[in-house]
Amino acid sequence: MSLPDFLVIGAQRAGSSLLHQILLGHPQVYVPVQRKEVHYFDRYFERGAEWYRSYFPAGAEAGRYRAIGEVTPDYLASAEAPARIHALLPQCRLIAILRNPADRIYSWYQHARRSRNERRDLATFLEEEPGALRAGLYHRHLQSYLALFPQDALLVLLYEELLRDPGAELGRLTGFLGVDMVWSDPAALLRERVYASEVPRFRQGFALARRAGGFLARHDLNWPVRAAKRLGVRRWFGSGSAPGALPAAERERLAAFYADDVRQLSVLLRRDLDVWQA
């Protein structure tokens, strides 16, 4: 079996699922179909490289593709992943898709409400889940990778720019991967988002279903999870109301928390991040 030559390392709740969906449809790119996130370098490292190789094609099949990779957005904020990735894949190309950190953490909170039956209010959630806040310190996390990989091995996309000008951002992505720009209408790829924003009406039941799916995935029973997604299990639990906008006071507080990291990230990327001020 082969090993990947690129990884989408994050960030969580910043468009990585959309990116996975786009890559999955590119004829010159391979990403695993058995499971969307392999999680080898953070959760399942003890299973060994051969387990990881089993998710990728070999021989003539591998030769069909110009780029082979995987998408696991938790790698970005993982303390262990950078060194593990460098040890196994020293020539690997890295892709990070980032989103306004205040919007990202609010999306994370809403995801927890949908998928884990989260009952705490936002302020309590932020106070009691420091890991959720730390995950948005993009500059800090990217520095851990750039201590090991050259900067030209890293491509950073912005979720907001992908939505605003998908042709330009997908052009950067395909150029980085060395594959053709095959989409005549890039905007069409974004017309159907990967996750609905509504909180299920039967939240506890949906949370139990998600935990069951996680249990199956941990034991490499991937086909029932794929089948459930194809059958639209999410719809079985009904739809409640969509969440409102992030409250202005919380947005201001989060913007202050992330301000220094965003300034440093702007310098690192040699790119203004005014799109996050809109």
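The values are calculated or read from the model by the stated rules, or taken from the named source; none is laboratory data. Owing to the predicted nature of the structure, the values given are computational and were not obtained by experimental measurement. Cβ: placed from backbone, ideal geometry, glycine included. Neighbour counts: every protein chain shown.
Of note, Leu18 does not satisfy the criterion of being closer than 20 Å to Leu170 by Cα, free of Cβ contacts under 8 Å to residues at least 24 places away in the same chain and surrounded by fewer than 23 Cβ atoms within 10 Å (Cβ to Cβ). Can we say Ala60 is over 13 Å from Ile9 (Cβ atoms), crowded, with 19+ Cβ neighbours inside 10 Å and in the same structural domain as Leu19 (by TED's automatic domain parsing)? Against the criterion (over 13 Å from Ile9 (Cβ atoms), crowded, with 19+ Cβ neighbours inside 10 Å and in the same structural domain as Leu19 (by TED's automatic domain parsing)), Ala60 does not qualify.
Sort through Asp185, Asp260, Asp272 and tell me the only one that's modelled with pLDDT of 95 or more, surrounded by fewer than 16 Cβ atoms within 10 Å (Cβ to Cβ), out of contact with any Pro (no Cβ under 8 Å at 6 or more places or on another chain) and in the same structural domain as Lys36 (by TED's automatic domain parsing). Exactly one of Asp185, Asp260, Asp272 is modelled with pLDDT of 95 or more, surrounded by fewer than 16 Cβ atoms within 10 Å (Cβ to Cβ), out of contact with any Pro (no Cβ under 8 Å at 6 or more places or on another chain) and in the same structural domain as Lys36 (by TED's automatic domain parsing), namely Asp260. Within the range 66-75, being out of contact with any strand residue (DSSP E or B) (no Cβ under 6 Å at 6 or more places or on another chain), surrounded by fewer than 22 Cβ atoms within 10 Å (Cβ to Cβ) and under 21 Å from Ser54 (Cβ atoms) holds for one residue alone: Asp74. Filter the range 76-89 down to the residues that are within 16 Å of Ala49 (Cβ to Cβ) and in contact (Cβ under 8 Å) with a residue 12 or more places away in the chain, then identify the one that is nearest to the chain's Cα centre (by Cα). Ranking the qualifying residues of the range 76-89, first place goes to Ala81. Out of Phe202, Phe206, Phe237, one residue alone is at pLDDT below 55, surrounded by fewer than 17 Cβ atoms within 10 Å (Cβ to Cβ) and more than 21 Å from Pro101 (Cα to Cα). It is Phe202.
Scanning the range 157-178 for residues that are more than 25 Å from Pro27 (Cβ to Cβ) and part of a strand (DSSP E or B) gives a single hit, Leu158. Only residues that are on the phi < 0 side of the Ramachandran plot and not in a helix (DSSP H, G or I) were counted in the range 75-117, giving 18.
Any residue at all in the range 110-126 that's among the small types (Gly, Ala, Ser), under 19 Å from Arg35 (Cβ atoms) and in contact (Cβ under 8 Å) with a residue 24 or more places away in the chain?
Within the range 110-126 (the criterion being among the small types (Gly, Ala, Ser), under 19 Å from Arg35 (Cβ atoms) and in contact (Cβ under 8 Å) with a residue 24 or more places away in the chain), the answer is yes, since at least one residue qualifies.
Across the range 134-143, a minimum of one residue is classified as surrounded by fewer than 19 Cβ atoms within 10 Å (Cβ to Cβ), modelled with pLDDT of 95 or more, under 16 Å from the mean Cα position of the chain (by Cα) and part of a helix (DSSP H, G or I).
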